[in-house]
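Here's the structure we're looking at; comments come further down.
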Amino acid sequence: MRLNRTKVSLLMAKQLISQASLAMKAGISRQTMSAVMNGRNCRPELLGKISKALGVEPEEIIE
């Protein structure tokens, strides 16, 4: 699965948080967050952590 980077970026902007802050909130490393935002596939458990940190359903942020 791949994140829809545009949707994630918009959600981050609305919440005024950086990639580093989102990574911390999701309990993942900054490097992992950066890799996913740069197009790396992400496992369902990682998708769940990121979507939960953003307060949305996983389906809302996948391509």
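Each reported figure results from applying straightforward, stated rules to the coordinates on display, with no laboratory input. Computed from a prediction, not measured in an experiment: that's the story for all the values here.
The figures follow:
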item	result
Linear extension gain, Thr6 paired with Arg30, 0.36 nm per residue minus alpha-carbon span	6.8 nm
The range 1-49: Rg to Rh, with Rh as the Kirkwood radius over Cα pairs	0.92
Percentage relative contact order, the chain, counting C-alpha pairs under 8 Å, at least six apart	51 percent
Expected 222 nm ellipticity per residue - DSSP helices of 4 or more, -39500 (n - 2.57), all of the chain, to 500	-17500 deg cm²/dmol
